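Computed from the coordinates by the stated procedures, all read-outs in this text should not be read as laboratory data. Keep in mind the model is a prediction, meaning the values are calculated, not measured. Heads up, the Cβs are rebuilt from the backbone with ideal geometry, glycines too, and the neighbour counts pull from every protein chain shown.
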């Protein structure tokens, strides 16, 4: 069984958990409550699943992957999550407009759907921030070890 360096991939694990949580919130708010029966954009689901798969590959294979592939996994996952965030937010603009900008006789379920959606966006944003930090972390760079040996007399 492969050894996973949990300390080195902690930010990726946090991002993975938050991305799955954001995905769950997106699916739940899109299929239940106020938005039940409305058309749901499948693209955020696909993008998040691909991002999660890239993170799983990077976490599981770790040092066995070339550095370029590891970097592509992190940067690609970050870009895919950013696209998911944008699509999720755009899908909820009408809810925000109804609740915050036209606050006249909107159903309570509409406000609930919006507030839960905001929590989902926050999960995806935190996951993306964790990946951006991971992309710039010094722990991703393997360093050579220099050993100084005494000179032979």
Nearest 10, in degrees from 0 to 90: the angle of helix 10-31 to the longest Cα principal axis of the chain is 20 degrees
Relative contact order %, the chain, counting alpha carbon pairs below 8 Å whose residues are six or more apart: 37 percent
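Determine, for 55, 65, the number of other Cβ atoms within 10 Å of each Cβ, and report the residues in order from fewest to most.
The most exposed by this proxy come first: 65, 55.
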Please arrange 126, 16 by how many other C-beta atoms lie within 10 Å of their C-beta, fewest to most. 126, 16
Considering every pair of different Cα atoms, what Kirkwood radius, in Å, is found for the chain? 17.3 Å
GNM flexibility winner over the chain from 12, 110, 134 (Cα, springs under 10 Å): 110
Going by alpha carbons, how many degrees (0 to 90, nearest 10) lie between the helix axis of 108-135 and the longest principal axis of the chain? 10 degrees
Over all pairs of distinct alpha carbons, what does the Kirkwood formula give as the hydrodynamic radius of the stretch 68-130, in Å? 13.1 Å
Residue exposure sequence - 34, 100 - by fewest surrounding Cβ within 10 Å: 100, 34
Return the calculated 222 nm mean residue ellipticity for the chain, to the nearest 500 deg cm²/dmol, obtained by summing -39500 (n - 2.57) across DSSP H runs with n ≥ 4 and dividing by the residue count. -22000 deg cm²/dmol
May I have the pair-distance distribution P(r) for the stretch 30-86, computed from all Cα-Cα distances with 10 Å bins from 0 and rounded to whole percent? 24, 38, 23, 11, 4
